[in-house]
Amino acid sequence: MNINRNHFIFGFIIILILFCGLKISEDYGISVDEDARRNGGRSFVKYIAEGIGIDHPSFKYIPKVKEYNNAWMAPYGMIFEIPATLLEHIFGIDEKSNIFLFRHKLTFIIHFIGIIVFFLFAKEIFGSNRKALFASLVYCLHPRIFGHSFFNPKDIIFLSTVSMSLYPSIKFLKTDSKKWMIYTGIFLGLAMSVRLVGIYLPFLVLLFYGGIIINKPHLSFSAFRDYFCKSAVIVLLSLTVLYILTPYYWTNPILSFIETFSIAKNFPWNGNNYFLGSYINATHQNSWYYLPFWFAITTPISFLVLFIFGNFIVIYRLSKSVYKYKYILFCILGIIIPFSILIILSSTLYDGWRHFFFTYPFSTIIISFGMFQLMSFLKLYYSQNYQLIMRILLICIFSGPAYSIIKLHPYQQVYFNALVGKDPMRNFEGDYWGTTYRRGFEWISENTTEDTVRIWLGSGFGKGIGITWKNIWFIEKEKRRKIIIVDLIESKRLNINGQNIMDADYYITNFRGSQDDYYGRSKLRLYPFENEVYSINKGGMKILGIYKL
C-alpha cells in the first residue's frame, strides 16, 4: 500500500511539473537564437524533401542549406528542429507568435524528459529513490537552466540528450549486457547529433568500461575480446546515429564532418563579452577561469557549497578506494574532459556557461554526493535531532533557488547569486537573450493611442533589423500594424508597413553591448534616456528600459 501511495504521489508531482511547465511556457519571449535555428531546420526540411523528389510552394521562400549560414555552419540539432518544423505544418500553426509558443512547449517537453531520465540515472548512481529525487530537484531548480528550458533550442536540447544518454550508459557499465550496449550506442549518437562536443561521451564510457574489465578478479582473452567488440559496436552505432540524424553529412560525410568540427571547435562569432567590467572579443576570451567563474556566480549558493564540499569529499574517498566510487569519478571526468578539450582548442566562449550546460548532470551528481556525505555526518553526530536538522537543511538548500525562479519569472536567465553584489550588470551582461523585448512591445501597445508609433530599438541584438524585434509578433495584429521599427544608430529603416519614417517616438533597450549607456548616459539622463516611462527590474538589475523621445 505504501509503495502504491508513493508511486501515486510521485506520479502526481511529475504530472504537476509538466502541466505547470507547459502553462508558463506561454510567458517567454523570442530569444536571439530561436528564429535562426527554426529557419535552419526549415532549410534542412527543404533539403530532404527535394532530395526525395517532393516539392512544395512554400519552398521558394526557404533558403537552401548552403545559402543560409545558420544551416550549414550549424547543421546539428536537427533531431529537434526538423520534427518541430514538421509539427508546425501538421498542426497548421501559421501565426508567428503561436509558432514560438509551440516551440517553447516542445523545448520544455524535451527538458522534462531529460529530468525523468536523469532521475533514473541518479537512482543507478545512488541506489535510492529518495536520493534520486533530491538529485532531480537540484537538476531542475537551477534558475538559469530553468529559464533556458523554454527558449533555448540548442543548449537545453543538448543537456537533455546528454542526460538521456547517461542512463543506458550506466546500465551498460553495470550489467555489460548487449541490450544496454545497443541503447548506449544509440543514445550517445543522439547526443552527438545535437552538439559535436558530445563526441567525447563514447570515449568516457569506454574508458570506464575498460577500467571495470581490468578490475575483474579473473582476466581472460575472451574478456578483452568482448571489450573491443562491444566498444566497436558502441562507437559504430553512435557514429551511424550521428550520420542519420545530421542530413548535412548524408552526401559527403567525412568532409562535411571535418568542416563542421573545424567550425564548432572555434565558432567564428566576433562579438564582445562583457566580463568582469570589460568588453573582451569572444574569439580572445580563452581564460581558463571564464567557465568556472560563470558557473560560480550563476549557481545557487547552496548548490555551489555542496558542489565544492562534494569535490573535496570525492578526492578523499578516491584516495581510499577508486573502484568503490568509480561512478562518482565517472561524473568528475564528465566535467574535466570537455573542459580540458576547451582549453586545449582555445574555443570561442560567450554568453556565460550555456555552452557547458550539458555538464550539469555530472555536477548535479557531485552536489548530491556532497549532500549525502553531509547527511551521514549529521546522522552520526546529531542522531537525536537528525530529522529536524534535515528538514531545516532541505529548506535552506531549495527555498532560495525556488524563490528565485518565482521572483524572476519569466526572466530566470538573468539569475545571479549573491557573490556578484547588488547590481550584477555593473560587470556582466543582463538579458543578452533579448526575451524582455516582448514585454517592451506589449507595454507600448497597451499604453499608446497614436495611429502610428515609431520605435527605435537599442543595443545588442535588439538593433533595427536584428533579431529580437521579432517579439513584436506577440502583439495583436491590429495593434501591430501601427508600429514601425526604426534603427537610427545604423542609419537603416526597418519598415514593416511600407512607410518611410525617419524618427522615433520611443527607445527600447536591454543594454546589451552598451555598458556606457547603462551606467553612463542613462544615469545622467542624457539623450535618449531623459524620459523613462517603463522598465523591467529583476535581481537588482534594469534588464529593459523604455524611453519616450
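Observations on the model:
- Under-5 Å amide H pairs with ASN273, H placed in peptide plane, nonlocal only: ILE280, ASN281, ALA282
- Pairs spanning more than 25 Å between alpha-carbon atoms, out of LYS105/LYS470; LYS64/LYS477; LYS66/LYS154: LYS64/LYS477.
- Peptide packing for 332-342, 107-117, 523-533, 30-40 was compared via the average number of neighbouring C-beta atoms within 10 Å per residue; ordered from the highest value, the list is 30-40, 107-117, 332-342, 523-533.
- Positive contributions from Lys and Arg (+1) and negative ones from Asp and Glu (-1), summed over other residues with Cβ under 12 Å from the Cβ of MET390, come out at +3.
- Unit charges on C-beta of K, R, D, E only; dipole of the chain, Debye: 1680
- If you plug the beta carbon distance of GLU532 and THR240 into 1/(1 + (r/R0)^6) with R0 = 41 Å, you get a FRET efficiency near 0.10.
- With the simple model of a label 7 Å out from the Cα in the direction of the Cβ, HIS409 to TRP269 spans 2.8 nm.
- The chain: antiparallel DSSP beta bridges as a percent of all, rounded to 5: 70
- Summarising the label geometry, the points placed 7 Å from Cα in the beta-carbon direction at ALA402 and LEU345 lie 3.9 nm from one another.
- Computed from Cα positions, the angle between helix 360-381 and the longest principal axis of the chain comes to roughly 60 degrees.
- When mean projected area of the Cα convex hull in nm² is computed from the coordinates, the matching label among (i) 29.3; (ii) 61.6; (iii) 30.7 is (i).
- Within the same chain, lysines fewer than 8 places from LYS174 are excluded, and of the rest, those with a Cα less than 21 Å from its Cα are LYS123, LYS131, LYS216, LYS230, LYS324, LYS326.
- Sequence-distant aspartates and glutamates (8 or more away, or on other chains) whose Cα lies within less than 16 Å of LYS523: ASP423, GLU532
- Relative contact order (percent, whole number), region 2-367, Cα cutoff 8 Å, 6+ residue spacing: 18
- Take the Cα of LYS477, go 7 Å toward its beta carbon, and the backbone nitrogen atoms of region 100-117 under 19 Å from that spot belong to 100-102.
- Of the peptides 407-419, 423-435, 439-451, the order by per-residue mean of other Cβ atoms within 10 Å, starting with the highest, comes out as 423-435, 407-419, 439-451.
No value in this document is a laboratory result; all are computed from the given coordinates. Since the structure is predicted, the reported quantities are computational estimates derived from the model, not experimental observations. All Cβ positions, even for glycine, are placed from backbone atoms using ideal geometry, and neighbour counts span all protein chains on display.
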